[in-house]
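We did not get these values from a lab; they are worked out from the coordinates using the rules stated. On a predicted model such as this, the values are computed, not experimentally measured, just so you know.
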């Protein structure tokens, strides 16, 4: 199964201008999404690095004693 051939309208056609404008809008939107994705990836990386640098959470040690239990 092959993909259908899509022909662009004539060079001076209003339809061609509209299609090119829509294509440009889509390209810009895609560029914005990629830049946002990069920013989110950078933020995630920074948070992961911060968590690693903090190490394991440290709690104060408490001494427990066992008391007498009556049944």
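The table that follows gives values for the structure above.
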read-out: Radius ratio Rg over Rh of segment 12-53, counting only Cα atoms, Kirkwood formula for Rh; value: 1.44
read-out: Gained length - residue 18 relative to residue 51, 0.36 nm times residue gap less alpha-carbon distance; value: 6.9 nm
